[in-house]
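The values are calculated or read from the model by the stated rules, or taken from the named source; none is laboratory data. Just so we're clear, the structure is a prediction, and the values are computed from it rather than from any experiment. No Cβ is skipped: glycine too gets one built from the backbone with ideal geometry, and neighbour counts run over all protein chains shown.
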Amino acid sequence: MNQPQSWEARAEEYSLYGFTDMPSVHQRGTVVVTHGEGPYVFDVHGRRYLDANSGLWNMVAGFDHRGLIEAAKAQYERFPGYHAFFGRMSDQTVMLSEKLVEVSPFASGKVFYTNSGSEANDTMVKMLWFLHRAEGKPQRRKILTRWNAYHGVTAVSASMTGKPYNEVFGLPLPGFIHLTCPHYWRFGEAGETEAQFVARLARELEDTIAREGADTIAGFFAEPVMGAGGVIPPARGYFQAIQPILRKHGIPLISDEVICGFGRTGQTWGCETYDFIPDAIISSKNLTAGFFPMGAVILGPDLAGRVEAAVEAIEEFPHGFTASGHPVGCAIALKAIDVVMNEGLAENVNRLAPRFEENLRRLAEKPNIGEYRGVGFMWALEAVRDKPTKTPFDATLSVSERIANTCTDLGLICRPLGQSVVLCPPFILTEAQMDEMFGKLEQALDKVFAEVA
Ligand code: PLP
């Protein structure tokens, strides 16, 4: 039981929790964290946890990277805050925009800053609505996304998110259309090949555009690998099948790289890993290695040119946040990009990804693991009651939550998502730390499967 003055009791007394199973918190208490070292965090009792969640996918350089801390301190000393309104912006903002276009898959482009991934998606939607109106197509307002997608929590980005829990808010808003999740193992029909599955999803897109009318659709948003949907890489050939359809109908393809961007899939962008060039990229999280709240919309050349022309026509883009392009965030992002790309972090992801997969393949031999899936440093194991029929466990058993809780007790943080357990550690993970992660995970799997079998 929590003591009246314990950190755990104080947390529950005064804080509202986001995305948290409260009965579990009441029973188990809150993990109140004080600091970190490398990929580990420490709680108020001095207990150490290997955070195989990288915080929320974002602390890719670990929790105490000196270079990032020094970059933040130096910028706080130099110029601790500014905005990007009224024809003014910081030198750091100028440099970061140049850098983001340089490392993007685009030959040229333009960048707009936000405080979060949700706001970056909202901003992109508003930009598309603004653009289509300026081009004389004000009816182009509908947004296409997929079931299981996660694009954020603001009213618009939550409407794009394809999760039933948004019903509690009366969302999605009208005009947000969700298509089939491209997860072949789970949604492929009996006897359907992966190629046939992809062809079916392409037909669904064609049919949806025909039904709604291409001239009512503003854009299509997709994560290269769905993250919070349970780490779901696209079925093979998915983006190659849908992009020509979108192009034919003049519908921009927006790649939400909030998780996939900057090395998580092994390359700078998830769209590189899955071999497509979108019309715009949404970035956040890894952009600052989690050291500052920041998001960015990166427009490719076509959208950049068209949005610029639309802005010129009315002389202003009436949108922006007080902290858009914050100089400290920009200085940290410049350092984070350098750290990931030039200090061997992306290399480490590629070097250890085969070892990661080998461990998962071994664990997936257990009778209650239905599938392992992922790429780079983002993977999931999906639990099933019956492997041949892929039948899930009864939801009331909360199997993935039990696995994650057992891991926490063993000093490993991993995330339950649906019936899956997700592993997305910081890119600095060593072989020994990977062995520790899999050793603890296997102990937890064996314990929980023995309980529920
Ligand atoms: N897009 C994706 C793909 C995400 O995974 C997330 C957050 O997890 C978001 C958008 C929302 O970002 P934020 O939580 O910074 O608003």
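Worth pointing out:
- Taking (1) surrounded by fewer than 22 Cβ atoms within 10 Å (Cβ to Cβ); (2) away from the ligand (no atom under 16 Å from the Cβ); (3) in contact (Cβ under 8 Å) with a residue 24 or more places away in the chain in turn, Ser116 satisfies each apart from (2).
- Number of positions in the range 134-168 that are more than 20 Å from Gly418 (Cα to Cα) and without any contact (Cβ under 8 Å) to a residue 60 or more places away in the chain: 6
- Applying the set (1) in a helix (DSSP H, G or I); (2) out of contact with any Phe, Trp or Tyr (no Cβ under 7 Å at 6 or more places or on another chain) to Ser108 leaves exactly one unmet item: (1).
- Ser255, sole failed condition from (1) of a type in the set (Gly, Ala, Ser); (2) touching a strand residue (DSSP E or B) at 6+ places or on another chain (Cβ under 8 Å); (3) surrounded by fewer than 18 Cβ atoms within 10 Å (Cβ to Cβ): (3)
- Inclusion of Val422 among residues that are buried (at least 22 other Cβ atoms within 10 Å of the Cβ) and at pLDDT 95 or above is warranted.
- Of the candidates Asn359, Asn342, Asn286, Asn348, the single residue that is under 27 Å from Trp379 (Cα atoms) and without any contact (Cβ under 8 Å) to a residue 12 or more places away in the chain is Asn342.
- Residues that are more than 17 Å from Met341 (Cα to Cα) and away from the ligand (no atom under 15 Å from the Cβ) within the range 254-294 comprise Asp275, Phe276, Ile277, Asp279, listed in sequence order.
- Among residues of the range 410-453, those that are touching a Cys at 6+ places or on another chain (Cβ under 7 Å) and among the basic types (Lys, Arg), counted: 1
- Within the range 210-230, considering residues that are away from the ligand (no atom under 11 Å from the Cβ) and in a loop (DSSP other than H, G, I, E, B), the one nearest to Val198 (Cα to Cα): Gly230
- Residue check, Met95 in contact (Cβ under 8 Å) with a residue 12 or more places away in the chain and either among the small types (Gly, Ala, Ser) or buried (at least 20 other Cβ atoms within 10 Å of the Cβ) (or both): no
- Selection count, the range 93-114, where residues are within 19 Å of Gly81 (Cα to Cα) and not aliphatic (A, V, I, L, M): 5
- When Ile242 is tested against (1) in a loop (DSSP other than H, G, I, E, B); (2) surrounded by 24 or more Cβ atoms within 10 Å (Cβ to Cβ); (3) among the aliphatic types (A, V, I, L, M); (4) more than 19 Å from the chain's Cα centre (by Cα), exactly one condition is not met: (1).
- Where a residue in the range 372-392 is under 14 Å from Phe449 (Cβ atoms) and its partner, wherever it lies, is among the aromatic types (Phe, Trp, Tyr), with Cβ under 9 Å and at least six apart: Leu381/Tyr372; Glu382/Trp185; Glu382/Tyr372; Ala383/Phe393; Ala383/Phe449; Val384/Phe393; Arg385/Phe393
- Residue selection: Thr216 fails the criterion of being in contact with a helix residue (DSSP H, G or I) (Cβ under 7 Å, 6 or more places away or on another chain) and polar (S, T, N, Q).
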